Amino acid sequence: MVNLVAVITLANGAVFARAEERVREYCEVEVYRDKDYRGGYDDHQNITDRIAAEDVEAANNMRARLSSLDRGRITHSPELQERLAATRDVELGEVEGSRWKEVKSGLGLLFSSFLSLPGTTLAQCTTVLHLKRPHLIPVLDPHVVRFMTGNDFGNSFSKGELLQMALECLDSARADLVSNRTQFSELRSNLADLPTPLSGVRLHGILCWTQENWVNRADIAGPYGVAGKSLNQRVAPPAAVSASQAGESEPAGEIRNIREFRQVKLRAEGVIVTTGSKPPRAHRALCRELSEERFTEAVVFNEGKKGRYYLRSALAEAVRDFQAVACMKCRPERPVIGRE
Ligand SMILES: [Zn+2]
């Protein structure tokens, strides 16, 4: 029987028609639970009122990169421990509208205690605290923050600005969970067979992280494999357009001669995939790597034997059809924010 799951639509316009498939692929490709002591995540939750040394260790298994000095400061901060103890692990999407202001202000104080420790980042703060309050606090790493707020953060933000961004992310995550309540509850029950159960806030985080990393940035390689099958999340089923389903036939959209190449460059739209490298590379039409000389050499002189050129309308399609990675020079992921 076909499982008709309702579509999840996030406030920033991203649409997930097959969220279950996406989360399962994340669990296969990324470290979401401990495998031979090579990380761990959702299976290292520890809902107590004290942050202990092993909680910092668990966060470090998730690349939080906290030093032993940081660990000492975290475990010995009475203010931080007090504020954690005052925070209950409720489901973020289940916090009543009338109580949200209060809960959010408590989280603001908790985050600000953590961020006031020297040299700590928002990703470190929320990784440690997510493991202590896994139903309430999302992991706000740079990819997730960029996906939710559009802010690209290097080292240029003050602690105050980071806190502002974190609160903005909490607001959007809660709004997404509330407006997709039935969908997330269905998603959770469909995923009940996973070895480690995932909270609503965690499922939302996985959707945001994978969309930013895999689709917008075309960074699809994980420690346990390469993501691919769940990349297309548009509402229409992919069966009819999937090149791989057509068997041995060539993928569509090949740019076959210099006239077509010039037209594509002139329109300056879409993404050009070059298959001469492994993995194939996705470029903006205007990338300087895509010179007429190179095109002529590859397509005319070498007759495409060492690589061909294909046009796709968006990076997500380049990733889906070719498992292409984004060119580091023209950064085709930049203008796209997962909208359809
Ligand atoms: Zn490029």
What FRET efficiency comes out for the pair Lys306/Lys229, r = Cβ-Cβ distance, R0 = 35 Å, nearest 0.05? 0.80
Roughly what angle does helix 159-179 make with the longest principal axis of the chain, taking Cα atoms, 0 to 90 degrees, to the nearest 10? 80 degrees
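Provide the packing ranking of 301-308, 81-88, i.e. peptides ordered by the mean count of other C-beta atoms within 10 Å per residue, highest first. Intermediate values should be presented prior to the final figure.
On the way: 301-308: 13.4, 81-88: 15.6.
Ranking the peptides 301-308, 81-88 by packing returns 81-88, 301-308.
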Roughly what angle does helix 19-29 make with the longest principal axis of the chain, taking Cα atoms, 0 to 90 degrees, to the nearest 10? 90 degrees
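Write down Rg/Rh for the chain, rounded to two decimals, with Rg from the C-alpha atoms and Rh from the Kirkwood relation over Cα pairs. Intermediate results must be reported in sequence, preceding the final value.
On the way: Rg = 22.2 Å, Rh = 21.7 Å.
Rg divided by Rh gives 1.02.
Can you give the net charge of the other residues whose Cβ lies under 14 Å from the Cβ of His130, counting K and R as +1 and D and E as -1? Intermediate values should be presented prior to the final figure.
Numbers: positive: Arg63, Lys132, Arg133, Arg202; negative: Asp42, Asp43, Asp55, Asp89, Glu91, Asp141.
Surrounding charge for His130 is -2.
Does segment 238-326 classify as rounded, prolate or oblate by the C-alpha gyration tensor (a ≥ b ≥ c root eigenvalues; a/c under 1.5 gives rounded; else a/b over b/c gives prolate, otherwise oblate)? Spell out each step's value before the answer.
Values: a/c = 1.68, a/b = 1.35, b/c = 1.24.
Prolate shape, in that a/c is at least 1.5 and a/b is the bigger ratio.
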Could you pull the Cα extents of segment 2-128 along its three principal axes, largest to smallest, in whole Å? 53, 44, 24
Give me the extension gain from Ala268 to Arg99: residue separation times 0.36 nm, minus the current Cα-Cα distance, reported in nm with one decimal. 55.9 nm
Highest GNM mean-square fluctuation among Arg65, Arg217, Arg281, for the chain with Cα springs under 10 Å, belongs to Arg65
Say a paramagnetic label sat at a point 7 Å from the Cα of Leu109, along Cα to Cβ; which residues of segment 138-167 have their backbone N under 17 Å from it? 167
Quick check on the chain: of the DSSP beta bridges with both residues there, what percent are antiparallel, nearest 5%? 85 percent
Could you tell me how many degrees, from 0 to 90 and to the nearest 10, lie between the Cα long axis of helix 258-267 and the main elongation axis, the longest principal axis, of the Cα atoms of the chain? 40 degrees
Please find, in a Gaussian network model of the chain (springs between Cα atoms separated by less than 10 Å), the residue of Asp49, Asp171, Asp193 whose mean-square fluctuation is greatest. Asp193
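Given a Förster radius of 56 Å and the C-beta distance between Ser189 and Glu260 as r, what FRET efficiency does 1/(1 + (r/R0)^6) yield to the nearest 0.05? Display every interim value, and only then the final one.
Working: r = 49 Å, r/R0 = 0.88.
For Ser189 and Glu260, the calculated efficiency is 0.70.
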Across Leu115, Leu194, Leu129, the residue with the highest GNM fluctuation in the chain (Cα network, 10 Å cutoff) is Leu194
What are the ³J(HN,Hα) couplings of segment 106-123, residue after residue, when phi is run through the Karplus curve with 6.51, -1.76, 1.60 and θ = phi - 60°? Round to Hz, x for glycine and proline. x, 5, x, 5, 4, 4, 5, 4, 5, 5, 7, 6, x, x, 8, 10, 5, 5
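Here, each number is a calculation from the coordinates, and none is a lab measurement. What you see is a predicted model, and the numbers here were worked out from it, not measured in a lab. Don't worry about glycine lacking a Cβ; one is built from the backbone with ideal geometry, like all the others, and counts go over all protein chains shown.
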